[in-house]
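Data first, discussion second: the structure below is written as structure tokens.
The values are calculated or read from the model by the stated rules, or taken from the named source; none is laboratory data. For clarity, every value in this text was computed on a predicted model and none was experimentally measured. Ideal geometry is used to build each Cβ from the backbone, glycine not excepted, and the neighbour counts take in all protein chains shown.
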Ligand code: BTN
């Protein structure tokens, strides 16, 4: 059941450009004017700045900058994603908590978020540096009704969601490097880690981990990744509101996921390819110890990478790492 405070924030957020009268709030929420006033005082304690004008009403001037379960939920307009949010000030890895919750039957759409991770995990057992208050470190628990071999499509879906938020809401120019890296000007700004618990023909649950560098200055990135990593702030010169960004990602994820469940992968594939990093260029594909030269053609219906080798044959690549030739090669 949504709390009264959450409903007040949602109502004010929907009408952010105007004042909302106490009477309108009272009618909408069926509570008294004095109860509204008390809730406003509580919201101010949570970090909201709310303007109250006689004869006009209320208006949110500023939302709190600190991420918490409450600030994330207030103003979040999803139906099922993030209805249950677990927020930690600091944790080893949100993936670990998400797996534990999923095994204890956490509902589809549960979201685990931390302000800091002390042992963040990247793909291929790499470390994922997750500086305090600087980025988005979250994991989603999903229980999709699809075959396990289609799970990689969800990683690609997630990548299109992140890229679309950066493009449409932040006006940046992201690219997606297969399968899961979000790039801004040739540097990685976000990554996705998908892990699954499945039987032969049934997914028990999937945990999708999203890591995005948001308000990092150069000093906040470890020295050894500074040449290949970036943040939204480093690219745009601006600080971003992490709570609002998480809400946008969750809202867009939910609608894209519903679209995918209804209509399949073809729209996602098209969107993915429109953001595809270096499509048509020569690359090296590293698979275990073997390195092959190929041209990246696009992605297949099942989410695999399509690579054209030197003998002209087009093959699918399901896992591995790709490296590009330098532009002069
Ligand atoms: C990658 O590009 O290698 C994937 C990075 C995924 C990082 C996120 S941060 C939230 C979640 N918790 C983790 O420990 N990892 C993922």
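Got a sec? Which of 210, 192, 206, 225 is within 15 Å of the ligand (Cβ to nearest atom), farther than 22 Å from residue 67 by Cα and either at pLDDT 95 or above or in contact with a helix residue (DSSP H, G or I) (Cβ under 6 Å, 6 or more places away or on another chain) (or both)?
Details: 210 fails: farther than 22 Å from residue 67 by Cα; 192 fails: farther than 22 Å from residue 67 by Cα; 225 fails: either at pLDDT 95 or above or in contact with a helix residue (DSSP H, G or I) (Cβ under 6 Å, 6 or more places away or on another chain) (or both).
Residue meeting the stated conditions: 206.
Please identify the pairs in which a residue from segment 250-261 that is without any contact (Cβ under 8 Å) to a residue 12 or more places away in the chain has its Cβ atom under 9 Å from the Cβ atom of a residue that is not in a helix (DSSP H, G or I), counting only partners at least 6 apart or on another chain. What qualifies is 255/78; 258/79. Among the numbered conditions (1) within 14 Å of residue 243 (Cα to Cα); (2) surrounded by fewer than 15 Cβ atoms within 10 Å (Cβ to Cβ); (3) touching a residue at least 60 places away in the same chain (Cβ under 8 Å), the only one that residue 62 does not meet is (3). Flag not set for residue 155, criterion: assigned to a helix (DSSP H, G or I) and more than 12 Å from the ligand (Cβ to nearest atom). Do we find that residue 251 is within 18 Å of residue 136 (Cβ to Cβ) and either more than 16 Å from the ligand (Cβ to nearest atom) or part of a strand (DSSP E or B) (or both) in this structure? Yes.
Restricting attention to segment 64-78, the residues that are more than 13 Å from residue 111 (Cα to Cα) and either touching a strand residue (DSSP E or B) at 6+ places or on another chain (Cβ under 8 Å) or at pLDDT 95 or above (or both) add up to 1. For segment 1-22, the set of residues classified as part of a helix (DSSP H, G or I) and in contact (Cβ under 8 Å) with a residue 24 or more places away in the chain consists of 4, 5, 6, 8, 9, 10, 12, 13, 22, listed by residue number. Figure legend. Inter-residue proximity from segment 115-128: first residues under 21 Å from residue 85 (Cβ atoms), second residues in a helix (DSSP H, G or I) and more than 6 Å from the ligand (Cβ to nearest atom), beta-carbon distance below 9 Å, spacing 6+ or different chains. Indicated pairs: 115/242; 121/96. Among the residues of segment 37-49, is there at least one that is away from the ligand (no atom under 16 Å from the Cβ), under 30 Å from residue 128 (Cβ atoms) and outside the structural domain of residue 113 (by TED's automatic domain parsing)? Yes, that holds for at least one residue.
Can you confirm whether residue 13 is more than 34 Å from the chain's Cα centre (by Cα) and outside the structural domain of residue 245 (by TED's automatic domain parsing)? Taking the combined requirement at face value, the residue does not satisfy it.
Restricting attention to segment 93-136 and to residues that are assigned to a strand (DSSP E or B) and near the ligand (Cβ under 7 Å from one of its atoms), the residue that is surrounded by the fewest Cβ atoms within 10 Å (Cβ to Cβ) turns out to be 121.
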